[in-house]
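The values are calculated or read from the model by the stated rules, or taken from the named source; none is laboratory data. Please read all numbers here as calculations on a predicted model, not as lab measurements. Neighbour counts run over all protein chains shown; Cβ positions are idealised from the backbone, glycine included.
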Amino acid sequence: MTPINLGTYLEKFFSEREIRLSELYPGLSINRLKDELKQYARQRKVNVDDLFSLRYIPSNTNPITYFFDSLIKGYPLEYIRGRAHFYKSEFDVSETVLIPRSETEILVETAASFLRDWMKMSDERLKVLDIGTGSGAIIISLLQEMPRPLEAYATDISKDALEVTRRNYFNLRYTIPRESSLRLVHTDRMSDLSEENFHLIVSNPPYIKKREDRDFVHNQVDTYEPHLALYLEDDEYDEWFRTLFKQVLHSLYEEGIFIMEGHEDHLEELANVCSMIGFSSVKVLKDYTNRNRFIFAKK
């Protein structure tokens, strides 16, 4: 193989596989690929000065080769880098947590607006809970957004996911008010928090029916992202959410708010369940594509 520089190799790699790459990574451009590779190289302590003009020879010991090999396999870019951008920060991610999506930023914006309004009416220290926190992107973003300290909790059924949250909280602690706190709880939904009360509860739980919905899930998501955070058994789906909604209602203060991301095909039905359980008002909110995406419920 005649040695060529990395920039030429990258452009050739992209042009020869453009159709396949567009299937695996919708919307991927050569410019984004260059940016991802540069960030990946910097994280692996590779000198990025004149990176694309340097000679590139594929090698099993070369971290750049791992980047290209992972792309061919369809491995998510965020997992390749071990980092994902969400809201206003970069978060550590691994295959133990879902990759945070841009539509979930609507949940953060809606929750932050509610908390700010409550802070205008009261000087009390507000308590917030994130159920199924994964990388911690939602709860940490909320902590960053608040003008006053929060007492925050985050639960997950996965110990590995909570370790990712712990790492992200440590890495981003300088962006959070010093007096704020985050307690991580290893539990299913909020089973071990029945004695606590909250002003706000948020959640991006598993909401895909394993049989009914799985064929519509992007193959890359199904292959690499954690099924524990994606899927629920079809015959357990309704009861799983009924239990969740009862726990949430029990633990919210009066006038407290619950915001949950969910599946567009099932949110209307789940909103009805919320109403029947006893929430005083329940709304379904849209995402950026005008699809049903969130439940907003008030106690």
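The figures follow:
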{"item": "Subset of region 186-212 [of a type in the set (A, V, I, L, M, F, W, C) and in a loop (DSSP other than H, G, I, E, B)]", "result": "Met190, Leu193"}
{"item": "Pairs, first in the same structural domain as Leu54 (by TED's automatic domain parsing) and charged (D, E, K, R) in region 7-20, second surrounded by fewer than 15 Cβ atoms within 10 Å (Cβ to Cβ) and assigned to a helix (DSSP H, G or I), C-beta under 7 Å, six or more apart", "result": "Glu11/Ile30"}
{"item": "Search result, residues across region 213-262 that are surrounded by 18 or more Cβ atoms within 10 Å (Cβ to Cβ) and in a strand (DSSP E or B)", "result": "Tyr231, Leu232, Leu252, Gly256, Ile257, Phe258, Ile259, Met260, Glu261"}
{"item": "Search result, residues across region 261-298 that are of a type in the set (D, E, K, R) and over 17 Å from Thr243 (Cβ atoms)", "result": "Glu261, Glu264, Asp265, Glu268, Lys283, Lys286, Asp287, Arg291, Arg293, Lys298"}
{"item": "Count of region 87-137 residues which are touching a Lys or Arg at 6+ places or on another chain (Cβ under 8 Å) and outside any loop (DSSP other than H, G, I, E, B)", "result": "6"}
{"item": "Whichever residue in region 263-275 is of a type outside the set (Asp, Glu) and in a loop (DSSP other than H, G, I, E, B) and, among such residues, is nearest to Ser22 (Cα to Cα)", "result": "His263"}
{"item": "Filtered residues of region 86-107 (kept if among the hydrophobic types (A, V, I, L, M, F, W, C) and without any contact (Cβ under 8 Å) to a residue 40 or more places away in the chain)", "result": "none"}
{"item": "The one condition in (1) within 26 Å of Ser135 (Cβ to Cβ); (2) at pLDDT 95 or above; (3) not aliphatic (A, V, I, L, M) that Arg44 fails to fulfil", "result": "(2)"}
{"item": "Test set (1) touching a strand residue (DSSP E or B) at 6+ places or on another chain (Cβ under 6 Å); (2) among the β-branched types (Val, Ile, Thr); (3) farther than 26 Å from Thr223 by Cα - Ile140 fails condition number", "result": "(1)"}
{"item": "Which listed residue, of Ile106, Ile99, Ile157, Ile139, is farther than 21 Å from Leu244 by Cβ and of a type outside the set (Ser, Thr, Tyr)", "result": "Ile99"}
{"item": "Residue check, Arg183 in a strand (DSSP E or B) and either modelled with pLDDT of 95 or more or among the aromatic types (Phe, Trp, Tyr) (or both)", "result": "yes"}
{"item": "Residues within region 147-197 that are out of contact with any Asp or Glu (no Cβ under 9 Å at 6 or more places or on another chain), aromatic (Phe, Trp, Tyr) and buried (at least 16 other Cβ atoms within 10 Å of the Cβ), tallied", "result": "1"}
{"item": "Verdict on His266 being under 26 Å from Val97 (Cβ atoms), buried (at least 18 other Cβ atoms within 10 Å of the Cβ), at pLDDT 95 or above and not β-branched (Val, Ile, Thr)", "result": "yes"}
{"item": "Residues (hydrophobic (A, V, I, L, M, F, W, C) and either assigned to a loop (DSSP other than H, G, I, E, B) or in contact with a strand residue (DSSP E or B) (Cβ under 7 Å, 6 or more places away or on another chain) (or both)) located in region 1-27", "result": "Met1, Ile4, Leu6"}
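Residue-by-condition table, conditions (1) in contact (Cβ under 8 Å) with a residue 24 or more places away in the chain; (2) assigned to a helix (DSSP H, G or I); (3) under 22 Å from Ser22 (Cβ atoms):
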| site | (1), (2), (3) |
| --- | --- |
| Gln39 | yes, yes, yes |
| Arg42 | no, yes, no |
| Lys45 | no, no, no |
| Val48 | no, no, no |
| Asn60 | no, no, no |
| Phe67 | yes, yes, yes |
| Ser70 | no, yes, yes |
| Tyr79 | yes, yes, yes |
| Ala84 | yes, no, yes |
